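These notes concern the structure reproduced below.
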Amino acid sequence: MFAVERNRIIKNFLRENRQVEVHALSSMLNVSEVTIRRDLEKLERDGILTRTHGGAVLREIEESVQVEKNPDVSQDSREIASVALNMIEDGDVIMLTGGDICDCIARRIVEKNGITVLTNYIPVATEIARQPANRVVLLGGDVADDGRSLYGSLSVANLRRFHVNRLFAEVEGIDENLEVSVASHEKAELIEAAMESAEEKILLCLGDNFNRNAFFRLGSLKLADKVITNPSISDEYKHQIFVRNIQLHTSINVFEGRV
């Protein structure tokens, strides 16, 4: 990962958390603490932060214009995250993509031990880096326009070096033909690579995102082993997923296809 990418990630981390620790950034970005200290020195010269013993804090002038954090995620997202958490076993290696549901899962992983999380989503990496019982690998790549996600050829190449037990991929649309779509072609490319590396492929989709199409087609729902959503989806969708031998999990029940 180039210095300019690290600096953007560190600045976003600071805007969300107001302080950083050298050892946490070193682990999250997979570089030495010496490299992180050099990055912090540069950002201090740029007026972004003030270095402290073992880390840095956001400067007041920067703090006054920081972007507000996202509002609290929906109850539907939290319910899906709770179901997903029950599928994760101590010692697992998992992949979390970007989105509110994956952010919720990351916050709950503190309840587990020995989890290794691969992610391209900076808020997830930030959260896992605070959990001493678990570890995170932040995939490198190009910083997306949202300043929170990493995509591109470097992300994909790094991802393909790993084997994961479970992939949790948040998607933005599942239409009436059970075709899955996501917000961008970069996200689709990353999920496709993650599916090649995962033993178990689990899609996360809000109930409200059924019967709709997002920007870029990922493929058939049959790509997944399991789908987690809210119980509000229609009986017709439940039946269509059932006959395709895909497990459908909601916050209150499970529909397991047996054709």
State all residues of region 90-108 that are more than 27 Å from Asp145 (Cα to Cα) and modelled with pLDDT of 95 or more; if no residue qualifies, say none.
-> Gly91, Asp92, Val93
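So that you can scan it fast, the table gives a plain yes or no per residue for (1) of a type in the set (Ser, Thr, Tyr); (2) at pLDDT 95 or above; (3) farther than 26 Å from Leu118 by Cβ:
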position: Asp175; (1), (2), (3): no, yes, yes
position: Ser197; (1), (2), (3): yes, yes, no
position: Glu200; (1), (2), (3): no, yes, no
position: Asn211; (1), (2), (3): no, yes, yes
position: Leu218; (1), (2), (3): no, yes, no
position: Ile228; (1), (2), (3): no, yes, no
position: Pro231; (1), (2), (3): no, no, yes
position: His249; (1), (2), (3): no, yes, no
position: Ile252; (1), (2), (3): no, no, yes
Residues of region 104-118 that turn out to be in a helix (DSSP H, G or I) and without any contact (Cβ under 8 Å) to a residue 60 or more places away in the chain, as a count | 7
For Leu40, which of the numbered conditions (1) within 16 Å of Ser149 (Cβ to Cβ); (2) in a helix (DSSP H, G or I) fails to hold?
-> (1)
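The values are calculated or read from the model by the stated rules, or taken from the named source; none is laboratory data. Note that the structure is predicted; figures quoted are calculated from it, not measured. Methodologically, a virtual Cβ is constructed for each residue, glycine included, from the backbone with ideal geometry; neighbour enumeration extends over all protein chains shown.
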